[in-house]
Amino acid sequence: MSEKAKPFVQSLKSMPADYRFLGSSPLEDSSSSGSSVPVTIPRNGHLKNGAVGGVDSANDDSPYGLQSISNGDESSLVDEDPIVPLPESNDRRWSDTSVYARKKALQFWVQLPNGNWELGKVLSTSGEESVIKLPEGNVLKVISETLVPANPDILDGVDDLMQLSYLNEPSVLYNLEYRYNQDMIYTKAGPVLVAVNPFKEVPLYGDSNIEAYRKRSNQSPHVYAIADTAIREMIRDEVNQSIIISGESGAGKTETAKIAMQYLASLGGGSGIENEILKTNPILEAFGNAKTLRNDNSSRFGKLIEIHFSETRKISGAKIQTFLLEKSRVVQCAEGERSYHIFYQLCAGASPALRGVDDAERFQAVQEALDIVHVSKDDQESVFAMLAAVLWLGNVSFSIIDNENHAEPESDESLSTVARLIGCNINDLKLALSKRNIKVRNETFVQKLTLSQAIDARDALAKSIYACLFDWLVEQINKSLAVGKRRTGRSISILDIYGFESFNKNSFEQFCINYANERLQQHFNRHLFKLEQEEYIKDGIDWTRVDFEDNQTCLRLFEKKPLGLLSLLDEESTFPNGTDLTLANKLKEHLSDNSCFRGDRGKTFTVAHYAGEVTYETTGFLEKNRDLLHSDSIKLLSSCSRHLPQAFASSMLVHSEKPVVGPLHKAGGADSQRLSVATKFKGQLFELMQRLGKTTPHFIRCIKPNSVQSPGLYEQELVLQQLRCCGVLEVVRISRSGFPTRMSHQKFALRYGFLLLESIAAKDPLSVSVAILHQFNILPEMYQVGYTKLFFRTGQIGVLEDTRNRTLHGILRLQSCFRGHQARSRLREFKRGITALQSFIRGEKIRKDYTELLRRHRACSAIQSYVKTIRGELVRRCGGDIKYGGTKRNESGEVLVQASVLSELQRRVLRTEAALREKEEENDILRQRLQQYDNRWTTGRSGSVGLSVISRLAEEFGQRAQVFGDDTKFLMEVKSGKVEANLSPERELRRLKQMFETWKKDYGGRLRETKTILSRLGNEETGGSPLVERNVPIKKGRRYGIGRTSEAISTSSSQHSVSSSSILQYMDRMKTELDEERTKRRAIEEELRRVTVFISNLCPEQFSATQTQPDSATQSPDDRCF
């Protein structure tokens, strides 16, 4: 058990409040002597032949340091009967640490005179004294009542302090140190999460851990668990939540707030605005954080981030509220501290126009964050110009111009650069820093400023520019985060405010910061102690009241009217002749009777805060509380050409128009700050408390393990003092014995009443609630029934919630299955109905179509009966290849003929006309031949025969030439496009040429034969030879009248003579053939007329249109519609 025996802090919380260590003296290690020397600790607190000492504070700057009083020199602790003093405690605040059996519990914590705790083993007990052996082998004789029992080894490192068997300060300290050494920095203390700053990276964060806490597969204490509880309670109870993060400077509050925001952004992300919320952190840290003696990234302002959620549980917007920016840090810093980070980032990463060197990583991160929150590039340049102007203002120097110490700024590079950056005239800037206009009634006086006054005016201008710039940035961020915000009334607020501070020299800033922490501590006490216990007593449950340290007395010291710290400070600030010394004297005069106030020498006074005593020095209190900016400086800013200084001036004028309480200090015409800083800050705190009072709070107490910000180092005294200040042990005490979960009878019965297996006779909420408790076998000591509510110990309501969730899940599964069955049944019914409806519709449609078809069929039959003769004749004439199935009626009842049928009829008409022309040509030839025979018969054998034959040949030549000319002209017109015809001109010309060559050959042959005949006739006339004719068959021509009857008169010795009887027979036969041809022609003409009449009756409009378009025959049948 030697590893537990580590040095601990000075005293137990259960000791008397008036006990003080008088000095410090280390306990000598007797192990070097080789023997164990027993040491006796008497009640009187004094050693024989020596003095007792306590340990001084480990860090003089710590707010938890104890006042030490020296009482003699150090001396050896070893004597003949050495006795080591140990204070006795008559306070029984920790009942579970004093009621135990010493004979069974052998391990105890013992506190040494130097304040360290050691784990020892009891060797023997005699009366009121016990002999205890330390791990190093030392043996001590102590008073038995001062021993504190230790927990068994199995409880080492438990994650909830409520699980400790013995709840005492050394056990809590050891448990936190045990977990801290294993990088388990989070520990539960009832409803409070204790977070110890590791000062290094620990593997407790990231997406995998977020997912584990979201699914609740990881139950270890964590900031993620607090944030998850907040968002679940917001959804379940429909109440706004708040996460209040507190702790001293350097305890890790800012990082804890960022971790909580990351978890909320992960769970409520999806809208895109969560990234903007996270990117506000580097901006606010750059402009509002600075390096102090205790913290390299100390927040010099307070902020409340209110994250709003939509109805879909997604982040819809956010709003940031800031409190009390430490403006004085802009112009002065303590030794070893720095101003705000943004100035150093600007000098390391500004553009060459502002600084002249390369960019830096952090400065780039701030610029990227500004881009994400929609601050334009022009505005960013203006912001950096204002920062540079503040830096250059610090370089403005003054020179004395007369014997009265009046000063004016030197016209150097600093002054001109400031004027250029803020966009004002350099002369106006010089006047604003060296002179002051004082208006008295209707007259205005110009007062020259002394050197100190000029420096104060310069610093006031720099502080005002930076403070307005910070407020303007927060306003721009809020505008960006408000995009998409819906008024759902559900939000989670995260409060990150400065921690308790105590330095060697504490000024007005520490005064306000510690007052804010007093108010937050009161909110903590009120919620966890006062309201908790008042509710127990009010509802009539069995409860033993737990005492706690209430800071109400200290709050009254600050807020009491008219004799409180804040009231007296504002009163003194209104007096023109008030000084810091007169303020200190006034406080001592009126507040000396308050137990939390102590007046010291000069300008100092001490306040006993809940976290320890802090001594303040009133130097600068009045000036900082007034925070005056002269009206000339406001006019200077309003006259600037840049928009940011103009906006700053407008903001100052708006604030100056607010109502004022009490008299105002208007010395020198400075009227820009009508309300004092303390009054405004008090109003902000009251508004903050009212807002937090309407939410369900979740507390995170950040602990700083050491004062040197080193990982792995655990200073027990520092940790214990922080635990005492935030009341962690009292919270655990109340949580262990109290009932953290409570619910009204009505709500409990309504929420869990459906879980009852059997119905009860009484239906009132109380009876139903008791029946539920009995059904689930909840032990009586785990709950209490009040007048209006049920109170449960930790973890009991979880059993009912798990059962309710499982039952609801089963009900939902059953309902989903039943709803699915209903939906499928309805779907089948709908399908059957749709099928039946479709069948009815299809049947009705088919019946209507059938009726229409039947009507059309009957109409067609009637038409066919009327034109039966025509149809039969057409079928017979056309060879039965013309189909009339292509006819149909239109909407008007007219019969429509398809284009293909009419085209076929037109082609047949053309063929009939061609045949008719051929018959006419043949008739002409027959008539010519008949005329020839007549002439021959009448003339006989006269000499005029030869002349008639030659004249006929000449007439034939003229006719044939005319026919060939007409045909050639027609084909040329077709070829040129003047005449449209359904034929190929080139092919017809070739055919015409061939026919012409054939006729020419035949004509030449006949001409030769005629010549021969004429020569023979001449010979017969002279020689008496008879005239002989030769019959030549008639040749039928083709188109264009090419075929003609050719005859030739030839004589031959072998030919027979032609008698008159044979000529008469031939002429009769030709007349008969001519009559037959005329009959056929009349029949064809009659058929053509009948067809034409039939077609015109069927479609008169289409037929008349086609008669007017001679080129319609050239169109395809598909392109014509009749």
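Okay, here's what the table says:
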read-out	value
Residue selected from region 585-611 under the condition hydrophobic (A, V, I, L, M, F, W, C) and assigned to a loop (DSSP other than H, G, I, E, B), by the criterion surrounded by the most Cβ atoms within 10 Å (Cβ to Cβ)	611
Subset of region 627-685 [at pLDDT 65 or above, within 19 Å of residue 444 (Cβ to Cβ), open to solvent by less than 60 Å² (accessible area, probe 1.4 Å) and not in a helix (DSSP H, G or I)]	628, 629, 630
Residue count, region 715-748 (criterion: in contact with a helix residue (DSSP H, G or I) (Cβ under 6 Å, 6 or more places away or on another chain) and open to solvent by 20 Å² or more (accessible area, probe 1.4 Å))	4
Sole residue being basic (Lys, Arg), modelled with pLDDT under 85 and outside any loop (DSSP other than H, G, I, E, B), chosen from 329, 313, 355, 362	362
Residue match in region 586-598 (condition: in contact with a Ser or Thr (Cβ under 8 Å, 6 or more places away or on another chain), farther than 22 Å from residue 519 by Cα and either at pLDDT below 90 or among the small types (Gly, Ala, Ser) (or both))	no
Elements of type helices (runs of 4 or more DSSP H) contained in region 519-584, each with 3 or more residues being modelled with pLDDT of 90 or more	552-559, 565-573
Which numbered condition residue 894 fails, given (1) modelled with pLDDT under 65; (2) out of contact with any Cys (no Cβ under 9 Å at 6 or more places or on another chain); (3) open to solvent by 50 Å² or more (accessible area, probe 1.4 Å)	(2)
Unmet criterion (only one of (1) under 60 Å from the mean Cα position of the chain (by Cα); (2) crowded, with 18+ Cβ neighbours inside 10 Å; (3) of a type outside the set (D, E, K, R)) for residue 152	(2)
Cβ pairs under 8 Å, 6+ apart, first in region 321-339 and over 16 Å from residue 468 (Cβ atoms) and open to solvent by 40 Å² or more (accessible area, probe 1.4 Å), second in a helix (DSSP H, G or I) and hydroxyl-bearing (Ser, Thr, Tyr)	338/344
Set 808, 800, 790, 779: member being loosely packed, with under 10 Cβ neighbours inside 10 Å, under 30 Å from residue 744 (Cα atoms) and not acidic (Asp, Glu)	779
Members of region 613-626 that are surrounded by 20 or more Cβ atoms within 10 Å (Cβ to Cβ) and either at positive phi or of a type in the set (S, T, N, Q) (or both)	618, 625
Qualifying residues in region 160-193 (those that are outside any strand (DSSP E or B), open to solvent by 10 Å² or more (accessible area, probe 1.4 Å) and in contact with an Asp or Glu (Cβ under 7 Å, 6 or more places away or on another chain)) - the one nearest to residue 223 (Cα to Cα)	178
Residues located in region 194-221, provided they are open to solvent by less than 40 Å² (accessible area, probe 1.4 Å) and either of a type in the set (Phe, Trp, Tyr) or under 23 Å from residue 721 (Cα atoms) (or both)	194, 195, 196, 197, 198, 213, 221
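Okay, residues lined up against (1) open to solvent by 10 Å² or more (accessible area, probe 1.4 Å); (2) in contact (Cβ under 8 Å) with a residue 24 or more places away in the chain; (3) hydroxyl-bearing (Ser, Thr, Tyr):
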residue	(1), (2), (3)
240	yes, yes, no
246	yes, yes, yes
251	no, yes, no
261	no, yes, no
298	no, yes, yes
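The values are calculated or read from the model by the stated rules, or taken from the named source; none is laboratory data. Bear in mind that the values here come from a model prediction, so they are computed numbers and not experimental data. Reconstructed Cβ throughout: ideal geometry from the backbone, glycine too, with neighbour counts over all protein chains shown. Keep in mind that these areas ignore ligands, DNA and RNA; they rest on the heavy atoms of the full protein, side chains included. Shrake-Rupley method; radii C 1.70, N 1.55, O 1.52, S 1.80 Å.
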